[in-house]
Each structure stands twice: as structure tokens, then as C-alpha cells.
1. Yes or no: residue 200 polar (S, T, N, Q), under 21 Å from residue 423 (Cα atoms), in a loop (DSSP other than H, G, I, E, B) and at pLDDT 95 or above?
2. Out of 460, 469, I need the residue that is surrounded by fewer than 20 Cβ atoms within 10 Å (Cβ to Cβ), without any contact (Cβ under 8 Å) to a residue 60 or more places away in the chain and farther than 25 Å from residue 381 by Cβ. Which one?
3. Report yes if residue 235 is open to solvent by less than 20 Å² (accessible area, probe 1.4 Å), in contact (Cβ under 8 Å) with a residue 40 or more places away in the chain and farther than 30 Å from residue 130 by Cβ, otherwise no.
4. For region 285-301, does any single residue satisfy the condition of being among the acidic types (Asp, Glu) and surrounded by 13 or more Cβ atoms within 10 Å (Cβ to Cβ)?
5. Kindly indicate the residue of region 420-436 that is open to solvent by 40 Å² or more (accessible area, probe 1.4 Å) and free of Cβ contacts under 8 Å to residues at least 60 places away in the same chain and also nearest to residue 208 (Cα to Cα) among those meeting that condition.
6. Looking at region 261-282, which of its residues are surrounded by 15 or more Cβ atoms within 10 Å (Cβ to Cβ), in contact (Cβ under 8 Å) with a residue 60 or more places away in the chain and part of a loop (DSSP other than H, G, I, E, B)?
7. For residues that are open to solvent by 20 Å² or more (accessible area, probe 1.4 Å) and over 21 Å from the mean Cα position of the chain (by Cα), scanning just region 328-347, find the one that is nearest to residue 38 (Cα to Cα).
8. What residue, of 439, 444, is part of a helix (DSSP H, G or I), under 22 Å from residue 50 (Cβ atoms), modelled with pLDDT of 95 or more and open to solvent by 40 Å² or more (accessible area, probe 1.4 Å)?
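The values are calculated or read from the model by the stated rules, or taken from the named source; none is laboratory data. No experiment lies behind these values; they were computed from the predicted model shown. All Cβ positions, glycine included, derive from the backbone under ideal geometry; neighbour counts span all protein chains shown. The protein model used for the area step is the full one, side chains on, heavy atoms only, and it has no ligands, DNA or RNA in it. Shrake-Rupley method; radii C 1.70, N 1.55, O 1.52, S 1.80 Å.
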Amino acid sequence: MLHKQLLPSTVLSLLLLAGCAPTQPAIAPANPPDNAAQGIAMLERVSWGVNAGSVRQLQTDGWERYLQAQLHPGKVNLPPAVQAQIDAMTISQVPLDQLVLTMEQRRKESAAMMDDAAKQQAQKDYQQELTRLAREAATRSLLLDVYSPNQLQQQVSWFWLNHFSVHQGKHNLRAMVGDYEAKAIAPHALGKFRDLLGATVHHPAMLRYLDNEANAARRINENYARELMELHTLGVNGGYSQTDVQELARILTGVGVNLGTDAPKVRPALQSQYVRRGLFEFNPNRHDYGDKQFLGQTVKGRGLAELDEALDRLSRSPATARFISGKLAQYFVGDNPPAPLVARMAATFQQSDGMIAEVLQTLFASPEFKQSLGHKFKDPMHYVMSAVRLSYDDKPILNAGPMLNWLSRMGQPLYGRQTPDGYPLTDAAWASPGQMTTRFDIARTIGSGSAGLFKTDGPQPQEKTAFPQLASALYFQSLQATLSPATRQALEQAASPQEWNTFLLSSPEMMHR
């Protein structure tokens, strides 16, 4: 048995170095025979991380049936205690437009106060409520990631949330991010890319974040137009020009947000063109009705319909098919995905008119996918989600706060990327010694049962016993065979159940997917 005082200088050092160093396991054959270890590895990649429930499901259904259910998910059935947490949230009970209009009224009332002390307190309360709403959104997101049986949908939803990134710190986006994720992103995560793109373009969170509400005829703001092509569709090398940016910005004029209850006064000749859906607004007074030359073709000036034409063209461009396929392959296969795989995915994208599930089907059926298993270093989200899923299976946590704190410590908080490019998906962005030290600390906290996941906040906190039983049937029947001899040897040297848990959660295998 290993004495505890040897942990930092021996086993811990080996685990940290092994987890941080690039692993080069033998490349699997293009079509390896099915076996239990490979099934676990594929499940680890398609989900946020294996747990006892998902392994049982895979064993019951078989890989193909399991994958089809993930690609075409049904209704989400959560543990009742988790569903109750989500149902109790303000963001689950109050529609976005009502929520934002109420908050906007509070903001205006606080700004109009004459008493300095009262004004300061009212503004502080307003900011705290925005922060609470954003925390609700992040908590709901993590609860779904841990407990939803539709694991692929959840993982791809995070991918798109990162692809169509918005930062909660701008304006009042903290009140909007929950709806943005739940209404614009998640329902379209495995559907048509064109529908997903349109949902993000029309959501007030995106329009506010990239300043399109300030975009008007004779006062052009190009921010959103540029990112819409560079980051969301064609890619930086997608063949567009600065003129295309300017013309798309003209197409986007008048597309914005109305945070009040009154409609603007529109000229009678343009009244029929006015559109208001929730907080989304198209104000024809602000639109440039001239014809545009966009991506080599004329777009006739006719109002909001111009935007649909532009989005159709962007979503069906071969450049978009290549760019989106490349990012998905990077996310699910590796930093530099093989060009033939990306080409096959892009062909599926175009043949299916951008059906994301079909593009992923091509990816998961590829020999390149199987060859990549176990090579992909986990970013902070994948590490935290996989550690909690493995440790607690379907046992409902009471407090997602520790998970939110861990993600912040590792530099990947939800809705926290300030620039619109989203968090990097490459291994090098996360595989640093400092990152590994933080992960070991998280592993030790979870492994000892002191993470705080089962202790509620507030003046009268509730707490449930929650020591993770990682040395379980799942481990001995399924996971043990996937571990290297060095990891198994380290586990055999653990001096206590807490140490054993810590070693497993900080092993090189837990750092890769």
C-alpha cells in the first residue's frame, strides 16, 4: 500500500505528467472488430462521459441502435428531482420577452431615481438579478448535460453554443442566454443547419452581442455581417470579400431588438414591412432598400426577405459545408482531422441540405473516427461532465455551483467567452501543467465526497451523503479493461477509497476521450 505522504512526489507526478503528455496509442485498424473496450471508447466520445446507465443502455441496444437513438433523440426524461430543480427556475416559468421587459423597466426606474443611495442599491439589485438569471441558465445547462439520456444532443448543443458564441457580460444578455440556448440552439442541434443559423440570426442575444441593433441605413455597422461569414458559415478562407461584408451589413440593416412595449412609428408606405416577434424587430425605417451584390449575385432590395435569401446562400455554400464539417471533425476526431473525412462529411452536408445528424452519421461510421478513440484531450467541459457522470450516475445533485466554479477556474465558463470565436477546440489550448494541477484538485474534491454538489445554498442548507462509489460493478466489468497497466498499478497502491477515487478521476484515461 502506498503511504499518503508519497502521493505528491510519486503517483501524483506520474499521473499529472501522463495526463498532460500527448498519448500515442497504437492506431486501430480501419474496421476493428466490435469489443467491449471499443464500445466504451465510442460511448465516451459520443456522450459527455460514460456512466453505469449509459453502459447498460449500450449493452442492451447495441451500438447501431444506440447511435440512431442519439442522432434522432426523443423526449427528455430526467430524474424527477432534477426536473423539479429546472421547473422551479424563473427562466423556466417566465417567457423571454416578459422577463427582459420587466428587467428593462427596473433598469429605467433605477436610472431615474434622484436619491443617490437608493439609486445605487436599485442598480446593484438589478445587476444581481441579471447574474442570478444567468446562473440559472448555466445550472440548467449542466443538469441537462449530466442527466439527459440524449447525450449527443447535449454535447452538440454545447458545440453550437460555442460556435454561435455570445458573451453574457454584454448589455443585458444575462437575461437572454438561457432562452438563446434552450430555444435557438438545442432544438436545432441535430437538425438542418439552415434552421439553426436562422434561429441564431433572429435571437436578440446574438443581435445585441454583435451590435446589429445599431446597424441602420446610412449608419452601417459591419460587426455581425463579418462574423456571420467568418465564424458562423463560410469560414475565414471561404471566398468572400470586404465588399460582401459591406453588402451583407446592408442586408442586415433594420434587423434588431425592441426592448420596449411600443412599436416605432413606421412610414405608411412601409408599414406592412414592419415585423415584431417577441423581442425581435425588423424596422423598415432603418433598412437600406437598395439592391445589393452579395457573393456574386444580386439581392433585390425588398426588406426582411433579403435576409432569408442571404442565409439560404450562406448555408448552402460549399465553403460552409467544408467549414462546418471541419469544425465538427475537429471536435469529435482531433485537432487536425483527416482531409478525406472532412470531404466526405462536406459531401453529406451538401447532399442532405445541411442535415447535421446525417453529417455526424458519416463521421461516426468512418474508420478515422474509430482510429481516433482515446486520443482527444478533454477540454474543461468534457472533464467536469465526465467526472460527475461517472461518479454519481443518475443520483441527482443538489447544487451545480461547484461545477460552475470548476469551469471558471479552468477558463471555460458557460457564456463566458468574450470574443465571438468561441473557446478553442484543440488539445494544446487545455493540456497545460496548470490545467492538470487544477484537474487533480477537482478529482480529489470529488473523490473525497467533499465537492459540495449535494449541499444546497442558502441560510438553511440541506446536505445529502454522497461519497462516490467508483470501485463499482461498472469499473470491474467494463472500465478496468480500458486502463493502462500503469493506471491499474497506481490504483492498486491507493491507501484509501478516497485516494483510489482520486487516482481514477485524475488518470490519463480520464483526461482523454
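1. It is false that residue 200 is polar (S, T, N, Q), under 21 Å from residue 423 (Cα atoms), in a loop (DSSP other than H, G, I, E, B) and at pLDDT 95 or above.
2. Criteria check complete, one pass: 460.
3. Working: open to solvent by less than 20 Å² (accessible area, probe 1.4 Å): yes; in contact (Cβ under 8 Å) with a residue 40 or more places away in the chain: yes; farther than 30 Å from residue 130 by Cβ: yes.
Yes.
4. yes
5. Step by step, filter region 420-436, then rank; the result is 424.
6. Matches in region 261-282: 278, 279.
7. 338
8. From the options 439, 444, the qualifying one is 444.
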